[in-house]
Amino acid sequence: MYSKDEASQLKQAFWTTFGQYISPQLSAEGLKVNWVNYKTGIKYLYFRMEANKRSASIAIEIAHPDPGIQELFFEQFLELKNLLHGTLNEDWEWQLHEMTEDGKIVSRIVRKLHNVSIFNKNDWPALISFFKPRIIALDEFWSDAKYAFDALK
């Protein structure tokens, strides 16, 4: 078991390592990008990569405080589902209006990896192999799809 400080340091070390590993990769538009803190350019719309002691996930997260607007974003993603899954080369789980641990309602399109731990450095290659192709594919998808969300900005 790690102290809160040790756990925080290990998490920070992983994300720093991942960031250094992926930093040479340019975006689909040929630009330098901060992959760990990917900016979609739309408020309340995030590409989230998370890892904990049991699993990892990568998600498109819609966190708008108005559930109706959240649903509009979600429906727009449903319109682009074939493009998204075609770019990702896999199906993801679609979750409309889920409660987070801190009590917020969000909607997600998510892919999970189980039985890995950010606290086990032996799992880091598996985590990197999980996150890297998916965040790059999300960026490729977003370079084409973002214009479909202009009316929702």
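Read-outs throughout are calculated quantities, based only on the coordinates presented, and are distinct from any laboratory measurement. Just so you know, these numbers come straight off a predicted model, no measurement behind them. Cβ coordinates were reconstructed from backbone atoms using ideal geometry, including for glycine residues, and neighbour counts include every protein chain displayed.
When Lys and Arg each count +1 and Asp and Glu each count -1, what net charge do the other residues less than 15 Å away from Arg108, Cβ to Cβ, add up to?
So the environment of Arg108 carries a net charge of -3.
Once the dipole of the range 56-153 is set up with Lys and Arg at +1 and Asp and Glu at -1 on Cβ about the Cα centre, which of Ile118, Ser57, Ile135 lies farthest towards its positive end?
Value: Ile118.
Tell me the label-point distance for the pair Asp144, Leu78, using the 7 Å Cα-to-Cβ offset, in nm and rounded to one decimal.
It works out to 2.2 nm between the two label points.
In the chain, which helices (entire DSSP H runs) extend 20 Å or more along their own long axis, judged by Cα positions, while averaging at least 0.0 on the Kyte-Doolittle scale?
Taking the DSSP H segments of the chain (at least 20 Å long, mean hydropathy at least 0.0), we get 124-145.
Could you pull out the GluC sites (Glu not before Pro) across the range 59-153 that fall in loop regions by DSSP (anything but H, G, I, E, B) with no more than 15 other Cβ atoms inside 10 Å?
Glu90, Glu101
List the residues, sorted by chain then number, that are 5 or more residues from Val33 or on another chain and whose placed amide H is less than 5 Å from its amide H.
Ser27
For the range 1-30, which chymotrypsin sites (Phe, Trp or Tyr not before Pro) are both in a DSSP coil and crowded by at most 13 other Cβ atoms within 10 Å?
Answer by residue number: Tyr2.
To the nearest 0.05, how large is the calculated FRET efficiency for Asp102 and Arg54 if R₀ is 30 Å and r is the Cβ-Cβ distance?
For Asp102 and Arg54, the calculated efficiency is 0.95.
Could you compute the FRET efficiency for Trp94 and Asn37, with r as their C-beta to C-beta distance and R0 at 25 Å, rounded to 0.05?
0.55
What 222 nm value per residue comes from the helices of the chain, counting each DSSP H run with n ≥ 4 as -39,500 (n - 2.57) and dividing by all residues, nearest 500 deg cm²/dmol?
The helix-only estimate for the chain comes to -13500 deg cm²/dmol at 222 nm.
What residues from the range 105-131 fall in the zone where the backbone N is under 14 Å from a label point 7 Å along the Cα-to-C-beta line of Glu6?
What the label zone holds, given the 14 Å backbone N cut-off, is 119-121.
Could you name the aspartates and glutamates in cross-link range of Lys112, using Cα to Cα under 13 Å and dropping any fewer than eight places away on the same chain?
Those aspartates and glutamates meeting the cut-off are Glu50, Glu90, Asp91, Glu93.
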